[in-house]
1. In region 59-77, what residues are among the polar types (S, T, N, Q) and farther than 25 Å from Gly26 by Cβ?
2. Have a look at Gly9, Gly35 and point out the one that is touching a strand residue (DSSP E or B) at 6+ places or on another chain (Cβ under 6 Å), assigned to a loop (DSSP other than H, G, I, E, B), buried (at least 16 other Cβ atoms within 10 Å of the Cβ) and not aliphatic (A, V, I, L, M).
3. When only residues in region 104-126 that are open to solvent by 80 Å² or more (accessible area, probe 1.4 Å) and assigned to a loop (DSSP other than H, G, I, E, B) count, which is nearest to Gly15 (Cα to Cα)?
4. Hey, could you check region 74-103 for residues that are in a loop (DSSP other than H, G, I, E, B) and either among the β-branched types (Val, Ile, Thr) or in contact with a helix residue (DSSP H, G or I) (Cβ under 7 Å, 6 or more places away or on another chain) (or both) and say which is nearest to Leu11 (Cα to Cα)?
5. Looking at region 76-83, can you tell me whether even one residue there is open to solvent by 10 Å² or more (accessible area, probe 1.4 Å) and more than 22 Å from Gln121 (Cβ to Cβ)?
Amino acid sequence: QLQLAESGGDLVQPGGSLRLSCVASGFTLDYYAIGWFRQAPGKEREGVSCISRSGGRTTYADSVKDRFTISRDNAKNAVYLQMNTLKPEDTAVYYCAARFSYTSRCGLEVGFFGSWGQGTQVTVSS
């Protein structure tokens, strides 16, 4: 049974944009920090961005800072990742993850999160 479902991945040309969505089912995201991660073939899963439960704190990997923007809409039980100026090195399967939190903490560590979606493929190529 899926707790998180990613969508929005596609084939896009370099310099293009995509918006990924992460929608929760079976629980509400109000008290969960949400992270976005990605994994390319032969590579370890790496943190991309994280947003605190209230949305007041956001964190980005240096490789995507100023290009990607994370946001959340608790009323829709969803978190989004707006990806602009995409590069071929952004090609990967993108996952969202959730962790219950009493605080505004947000991190890019895989071990910080307990629930994961199944991923959505993003391919950046001309």
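1. Step one: list which residues in region 59-77 are among the polar types (S, T, N, Q), which gives 59, 63, 69, 71, 74, 77.
Correct list: Thr59, Ser63, Thr69.
2. Numbers: Gly35 fails: assigned to a loop (DSSP other than H, G, I, E, B).
Step by step, each of Gly9, Gly35 is checked, and only Gly9 is touching a strand residue (DSSP E or B) at 6+ places or on another chain (Cβ under 6 Å), assigned to a loop (DSSP other than H, G, I, E, B), buried (at least 16 other Cβ atoms within 10 Å of the Cβ) and not aliphatic (A, V, I, L, M).
3. Residues of region 104-126 that are open to solvent by 80 Å² or more (accessible area, probe 1.4 Å), as a first pass: 105, 109, 118, 121, 126.
Remaining after also requiring assigned to a loop (DSSP other than H, G, I, E, B): 105, 109, 118, 126.
Numbers: Arg105: 32, Glu109: 28, Gln118: 26, Ser126: 10 Å.
Out of the qualifying residues, it is Ser126.
4. Pass one, region 74-103, residues in a loop (DSSP other than H, G, I, E, B): 77, 84-87, 91, 101-103.
Adding the requirement that they be either among the β-branched types (Val, Ile, Thr) or in contact with a helix residue (DSSP H, G or I) (Cβ under 7 Å, 6 or more places away or on another chain) (or both) leaves 85, 91, 103.
Details: Thr85: 14, Thr91: 9, Thr103: 37 Å.
Ranking the qualifying residues of region 74-103, first place goes to Thr91.
5. Residues of region 76-83 that are open to solvent by 10 Å² or more (accessible area, probe 1.4 Å), as a first pass: 76-77, 80, 82.
So of that shortlist, the ones also more than 22 Å from Gln121 (Cβ to Cβ) come out as 76-77.
Yes: region 76-83 contains one or more residues that are open to solvent by 10 Å² or more (accessible area, probe 1.4 Å) and more than 22 Å from Gln121 (Cβ to Cβ).
The values are calculated or read from the model by the stated rules, or taken from the named source; none is laboratory data. It should be emphasised that the depicted structure is a prediction, and the values quoted were computed from it without experimental measurement. Note that each Cβ is placed from the backbone with ideal geometry, even for glycine, and that neighbours are counted across all protein chains shown. The protein model used for the area step is the full one, side chains on, heavy atoms only, and it has no ligands, DNA or RNA in it. Shrake-Rupley method; radii C 1.70, N 1.55, O 1.52, S 1.80 Å.
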